[in-house]
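Visitor: Would you mind keeping the following structure in view while I ask a few things?
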Amino acid sequence: MKRRALHRAVFTLAAVYNVLWGLYAAVDPQWLFRFAGMPPMNQPALFSCLGMVIGVYGLLYAEVARRPEHGFALAAVGLLGKVLGPVGLALLILRGEWPVATLVLCLTNDFVWWVPFGLYLWDAWPHYRRTFSPA
């Protein structure tokens with residue numbers, strides 16, 4: 001696979017980042033609201049749950065790092081989440097429900113991963129296609 005070592009490093013980093021972010025969100029679910037100057041959430045367990053989901057994605061990224069030739073579908077789902085998350089946040093911001101400061105969520109959780117995940121999907125596509133081509 002082209003750029004295999006790079007892809008392994010990126011997905012290892014993504015795995016560690018997601019697990020750590022998920023743990024932090026579970027331990028301190030009000031951090032974003034303090035950061036953005038918003039009133040505290042009345043249901044902080046929702047943000048803790050978001051942290052759990054993001055942390056679990058870390059396990060999937062670890063699997064992509066372990067076997068990059070077989071991680072296309074996992075990485076595609078990851079990138080889709082990294083695109084749809086900012087779309088949802090943009091809608092909240094445009095409707096005036098959340099302040100622009102909440103974009104901090106997308107800076108490290110989403111935007112920084114678009115290019116490396118996209119590059120990986122580009123490089124992994126031939127391996128994925130071969131796996132599902134007729135014999």
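Visitor: Quick one: in the stretch 20-37, of everything that is out of contact with any helix residue (DSSP H, G or I) (no Cβ under 6 Å at 6 or more places or on another chain) and not in a helix (DSSP H, G or I), which residue is surrounded by the fewest Cβ atoms within 10 Å (Cβ to Cβ)?
Guide: Ranking the candidates gives Gly37 first.
Visitor: Looking at Phe72, Phe11 in this structure, which one is among the aromatic types (Phe, Trp, Tyr) and farther than 22 Å from Leu107 by Cβ?
Guide: It is Phe72.
Visitor: Any chance you could count how many residues in the stretch 100-124 are over 21 Å from Leu59 (Cα atoms), loosely packed, with under 14 Cβ neighbours inside 10 Å and touching a residue at least 12 places away in the same chain (Cβ under 8 Å)?
Guide: Matching residues across the stretch 100-124 total 2.
Visitor: Okay, next question. Look at Gly88 and say whether it is part of a helix (DSSP H, G or I), more than 12 Å from the chain's Cα centre (by Cα), free of Cβ contacts under 8 Å to residues at least 12 places away in the same chain and farther than 17 Å from Thr12 by Cβ. Reasoning before the result, please.
Guide: Numbers: part of a helix (DSSP H, G or I): yes; more than 12 Å from the chain's Cα centre (by Cα): yes; free of Cβ contacts under 8 Å to residues at least 12 places away in the same chain: yes; farther than 17 Å from Thr12 by Cβ: yes.
Taking the combined requirement at face value, the residue satisfies it.
Visitor: Is the stretch 24-35 home to any residue that is in contact with a Cys (Cβ under 6 Å, 6 or more places away or on another chain) and either of a type outside the set (Val, Ile, Thr) or under 17 Å from Ala9 (Cα atoms) (or both)?
Guide: No: zero hits.
Visitor: May I ask you to say which residue of Ala65, Ala76 is of a type in the set (Gly, Ala, Ser), more than 13 Å from the chain's Cα centre (by Cα) and either surrounded by fewer than 16 Cβ atoms within 10 Å (Cβ to Cβ) or part of a helix (DSSP H, G or I) (or both)? Before you say what the answer is, go through the steps one by one.
Guide: Values: Ala76 fails: more than 13 Å from the chain's Cα centre (by Cα).
Of Ala65, Ala76, the one residue that is of a type in the set (Gly, Ala, Ser), more than 13 Å from the chain's Cα centre (by Cα) and either surrounded by fewer than 16 Cβ atoms within 10 Å (Cβ to Cβ) or part of a helix (DSSP H, G or I) (or both) is Ala65.
Visitor: Let me ask another. Taking the conditions exactly as written (modelled with pLDDT under 95 and under 25 Å from Arg130 (Cβ atoms)), does Met1 satisfy them or not?
Guide: The answer is yes for Met1.
Quick grid of which residues meet (1) part of a helix (DSSP H, G or I); (2) within 30 Å of Arg130 (Cβ to Cβ):
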{"site": "Asn18", "(1), (2)": "yes, yes"}
{"site": "Pro39", "(1), (2)": "no, no"}
{"site": "Leu60", "(1), (2)": "yes, yes"}
{"site": "Leu92", "(1), (2)": "yes, no"}
{"site": "Phe111", "(1), (2)": "yes, no"}
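Visitor: So Leu50 passes all but one of these: (1) part of a helix (DSSP H, G or I); (2) at pLDDT 95 or above. Which condition number does it fail?
Guide: (2)
Visitor: For Glu97, which of the numbered conditions (1) outside any helix (DSSP H, G or I); (2) within 21 Å of Arg4 (Cα to Cα) fails to hold?
Guide: All conditions are met except number (2).
The values are calculated or read from the model by the stated rules, or taken from the named source; none is laboratory data. All values derive from a computational prediction rather than experimental measurement. Neighbour counts run over all protein chains shown; Cβ positions are idealised from the backbone, glycine included.
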